[in-house]
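Written out below as structure tokens is the structure these notes cover.
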Amino acid sequence: MEKSKTISIVHEATDFEPFVILDKPRGLPSAPLVSGEDSALTQCARLYPDVKRVFGKKEIEYGLLHRIDTETEGLLLICLTQEFYDKMLCVQNCDGFKKEYTAVCKKNLECKQEGFPPFNADFSAENTCSLNAVISSKFRAFGKKGALVRPVSSDSGKAALKAATNREYKTNVSIELLEKNMLKASCSLTRGFRHQVRCHLAWASMPIVGDRLYNPKFKESDYFCFWATGLSFINPITDKLFKISKHVAY
């Protein structure tokens, strides 16, 4: 097994915290598509066999509470008991499970991609050094076999509105200017959709550096500057806040 494709454990389970938090490397799926396929969950199950006793959203996903994209490096939580999984699923469904992400973006006002509705907010002021905002939309599948997603707003066409999700998804974004046209985006959400942060940032003309799916200026030599850097929630066993973060260099 390649060292670069091996998980590292950043939080060990205890009686009152029956979950594991691992750091998933880039290129490793969160969960297998078929039994036994290499993934963060598969590797975790070898270290913690109890995870296989948990019945999750899919039989093959055990106690995996959430996913991060295969290309994304960062924090992933896996429950080791059915009781904790069920309680955390309720926490998540009530928007009590906060996920944080860090991205390096390039401000690009010409980042107009097919399928995006008009974006009404303005992140483009030349002298902007910091900004806090919320990007909100519904989503729809897009592209060949639905490999991509597109935001859907009130300005979208009839076909897009018909294909949209029932609910809106919100990404909280804090922008910091790193250098000319380069931005650090600290993002958080409590209910996520596939590729949500990546798509929302591209919609706002701030595509992530190295994002082959949502950055039209992508180059093979670019490093994908996107990380899952934080998790926080009220532990349903202790009623205390649990919070963990990952430092990244960029």
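The values are calculated or read from the model by the stated rules, or taken from the named source; none is laboratory data. Predicted model, so just to flag it, every value in this text is computed and none were measured. Virtual Cβ from ideal backbone geometry, glycine too; neighbours counted across all protein chains shown. Just so you know, the surface numbers come from the protein's heavy atoms only, side chains and all, with ligands and any DNA or RNA stripped out. Shrake-Rupley method; radii C 1.70, N 1.55, O 1.52, S 1.80 Å.
One table, with the values for the structure above:
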| quantity | calculated |
| --- | --- |
| The chain: most fluctuating residue of Leu161, Leu231, Leu80 per GNM, C-alpha cutoff 10 Å | Leu161 |
| Anchor Lys52: lysines whose Cα lies under 29 Å away (excluding residues fewer than 8 positions away in-chain) | Lys3, Lys5, Lys24, Lys87, Lys98, Lys99, Lys240, Lys243, Lys246 |
| Cut-off under 5 Å, modelled amide H: who pairs with Glu73 long-range | Ala228 |
| Fraction of accessible area attributable to carbon and sulfur, the range 143-250 (%, probe 1.4 Å) | 50 |
| Spatially proximal aspartates and glutamates relative to Lys219 (Cα-Cα < 16 Å; intrachain offsets below 8 disregarded) | Glu71, Asp211 |
| Shape category assigned to the range 60-103 from the gyration tensor of Cα positions, a/c cut at 1.5 | oblate |
| Three-way shape call for the range 1-63 based on the alpha-carbon gyration tensor, with the a/c threshold at 1.5 | oblate |
| The chain, accessible area per residue, ligands and nucleic acids excluded (1.4 Å, Å²) | 52 |
| Residue among His200, His11, His66 with the largest mean-square fluctuation in a Gaussian network model of the chain, springs linking Cα atoms under 10 Å | His11 |
| Of Asn172, Ile208, Ser154, farthest towards positive along the dipole that unit charges on Lys, Arg, Asp, Glu beta carbons give the chain | Ser154 |
| Three-way shape label, the range 1-110, alpha-carbon gyration tensor, a/c 1.5 | oblate |
| Net dipole in debye of the range 99-250 [+1 Lys, Arg Cβ; -1 Asp, Glu Cβ; about Cα centre; nearest 20] | 640 |
| The range 163-218 versus the range 1-61: alpha-carbon centroid distance in Å | 26 |
| Mean residue ellipticity (222 nm) of the chain, computed from DSSP H runs ≥ 4 via -39,500 (n - 2.57), nearest 500 | -3500 deg cm²/dmol |
| Accessible surface of the range 1-100, 1.4 Å probe, proportion on carbon and sulfur as whole % | 54 |
